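Worksheet for the structure shown next.
The values are calculated or read from the model by the stated rules, or taken from the named source; none is laboratory data. As the structure is a computational prediction, the values presented were derived from the model and not from experiment. Positions of Cβ are generated from backbone atoms using ideal geometry, with glycine treated the same way; all protein chains shown enter the neighbour counts.
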Amino acid sequence: QKEVEQNSGPLSVPEGAIASLNCTYSDRVSQSFFWYRQYSGKSPELIMSIYSNGDKEDGRFTAQLNKASQYVSLLIRDSQPSDSATYLCAVNIETGNQFYFGTGTSLTVIP
Amino acid sequence: EPEVTQTPSHQVTQMGQEVILRCVPISNHLYFYWYRQILGQKVEFLVSFYNNEISEKSEIFDDQFSVERPDGSNFTLKIRSTKLEDSAMYFCASSGRGGAVNSPLHFGNGTRLTVT
């Protein structure tokens, strides 16, 4: 059973603060990790991909991966009200190119 | 930027009717997927498709569901006899540019299926 766990929230942060979203996964053969943002009624939109241990930064977003701890996180700096959405963590198993999603964390950025 | 396109955006059908949801994956992707999301709930995997056959399916994907790639561009999901609980948003996704694994999933905008 391949599990991807996220705190469902809701997580509320004030505008300008750092939002920290966490994800753990159970399968040690997981190869690639992705964060998606989903606005209500819309499809998931890719924000970040991370493949190796450490940090990866893209604008206000930083993904962090620790394969030994089976943990991946997403930091959003200078949070904006437009960042209010559900954030989905996904892990990829190379065999069969399968993707497994967490339940998502609902983020609200308060102006 | 290439997109996954889905039609229709909204489908209303009566219980027991057959529906076909259509998708055009990104042209150089080789892996295709259907997910569904019941309102307010998580994104659930239904089926994956590669090399003209199903590569994996979930327990949701029972005998009422089928997928097909009828030509070089379309990828369809058929529900033979819809039930009320099939009402959900259905997302098509594709991945694997040139057959590469580990590349991200790209989602279409979804088809909202309402079964009355």
Item to check | Count - residues of the range A:55-104 that are part of a strand (DSSP E or B), away from chain B (no Cβ under 11 Å) and not hydrophobic (A, V, I, L, M, F, W, C) | outcome: 10
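How many of the residues making up the range B:27-48 are in a loop (DSSP other than H, G, I, E, B) and not hydrophobic (A, V, I, L, M, F, W, C)? Give the derivation first.
As a first pass, look at the range B:27-48 and keep what is in a loop (DSSP other than H, G, I, E, B): B:27-28, B:38-43.
Filter again for not hydrophobic (A, V, I, L, M, F, W, C), leaving B:27-28, B:40-42.
Counting residues in the range B:27-48 that are in a loop (DSSP other than H, G, I, E, B) and not hydrophobic (A, V, I, L, M, F, W, C) gives 5.
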Item to check | Any chance A:Gln38 is surrounded by 17 or more Cβ atoms within 10 Å (Cβ to Cβ), closer than 20 Å to A:Pro10 by Cβ, of a type in the set (S, T, N, Q) and within 14 Å of chain B (Cβ to nearest Cβ) | outcome: yes
Next on the checklist: Suppose the filter is crowded, with 17+ Cβ neighbours inside 10 Å and either of a type in the set (Val, Ile, Thr) or touching a helix residue (DSSP H, G or I) at 6+ places or on another chain (Cβ under 7 Å) (or both); does A:Ile110 pass it?
Outcome noted: no
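So that you can scan it fast, the table gives a plain yes or no per residue for (1) among the hydrophobic types (A, V, I, L, M, F, W, C); (2) farther than 30 Å from A:Pro111 by Cα:
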residue: A:Leu11; (1), (2): yes, no
residue: A:Val29; (1), (2): yes, yes
residue: A:Gln64; (1), (2): no, no
residue: A:Asp83; (1), (2): no, no
Checklist entry - Applying the selection to the range B:36-46, what residues are within 11 Å of chain A (Cβ to nearest Cβ) and either of a type outside the set (S, T, N, Q) or over 20 Å from B:Gln11 (Cα atoms) (or both)? => result B:Leu39, B:Gly40, B:Lys42, B:Val43, B:Glu44, B:Phe45
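Looking at the structure I just gave you, is A:Phe101 touching a strand residue (DSSP E or B) at 6+ places or on another chain (Cβ under 9 Å), closer than 27 Å to B:Arg97 by Cα and either at pLDDT below 95 or among the hydroxyl-bearing types (Ser, Thr, Tyr) (or both)?
So A:Phe101 fits the description; yes.
Do we find a residue being of a type in the set (Ser, Thr, Tyr) and loosely packed, with under 12 Cβ neighbours inside 10 Å anywhere in the range A:77-97?
Taking the range A:77-97 first, the residues of a type in the set (Ser, Thr, Tyr) are A:79, A:82, A:84, A:86-87, A:95.
Still in the running and loosely packed, with under 12 Cβ neighbours inside 10 Å: A:82, A:95.
Scanning the range A:77-97 turns up at least one residue that is of a type in the set (Ser, Thr, Tyr) and loosely packed, with under 12 Cβ neighbours inside 10 Å.
Does B:Glu85 satisfy the condition of being within 12 Å of the chain's Cα centre (by Cα), more than 9 Å from chain A (Cβ to nearest Cβ) and among the acidic types (Asp, Glu)?
Values: within 12 Å of the chain's Cα centre (by Cα): no; more than 9 Å from chain A (Cβ to nearest Cβ): yes; among the acidic types (Asp, Glu): yes.
So B:Glu85 fails the test.
Looking at B:Val101, B:Val4, B:Val12, B:Val19, which is the one that is modelled with pLDDT of 95 or more and under 24 Å from A:Asn97 (Cα atoms)?
Values: B:Val101 fails: modelled with pLDDT of 95 or more; B:Val12 fails: under 24 Å from A:Asn97 (Cα atoms); B:Val19 fails: under 24 Å from A:Asn97 (Cα atoms).
After ruling out the rest, the residue left standing is B:Val4.
Of B:Phe61, B:Phe75, B:Phe45, B:Phe107, which residue is buried (at least 17 other Cβ atoms within 10 Å of the Cβ), modelled with pLDDT of 95 or more, under 30 Å from A:Pro10 (Cβ atoms) and of a type outside the set (A, V, I, L, M)? Even if it seems obvious, please write down each step before you answer.
Numbers: B:Phe61 fails: under 30 Å from A:Pro10 (Cβ atoms); B:Phe75 fails: under 30 Å from A:Pro10 (Cβ atoms); B:Phe45 fails: modelled with pLDDT of 95 or more.
Only one candidate passes the filter, namely B:Phe107.
Determine if the range B:60-72 includes at least one residue that is β-branched (Val, Ile, Thr), in a strand (DSSP E or B) and more than 12 Å from chain A (Cβ to nearest Cβ). Give the derivation first.
Of the range B:60-72, the ones β-branched (Val, Ile, Thr) are B:60, B:67.
Checking the rest, the ones that are also in a strand (DSSP E or B) come to B:67.
Restricting the remaining residues to those that are more than 12 Å from chain A (Cβ to nearest Cβ) gives B:67.
Yes, there is a match, as at least one residue in the range B:60-72 is β-branched (Val, Ile, Thr), in a strand (DSSP E or B) and more than 12 Å from chain A (Cβ to nearest Cβ).
Filter the range B:11-53 down to the residues that are among the charged types (D, E, K, R), farther than 15 Å from B:Gly110 by Cα and free of Cβ contacts under 8 Å to residues at least 24 places away in the same chain and list them by number.
To start, the set of residues in the range B:11-53 that are among the charged types (D, E, K, R) comprises B:18, B:22, B:36, B:42, B:44, B:53.
Add one more test, that the residue is farther than 15 Å from B:Gly110 by Cα, and what stays is B:18, B:53.
Result: B:Glu53, single match.
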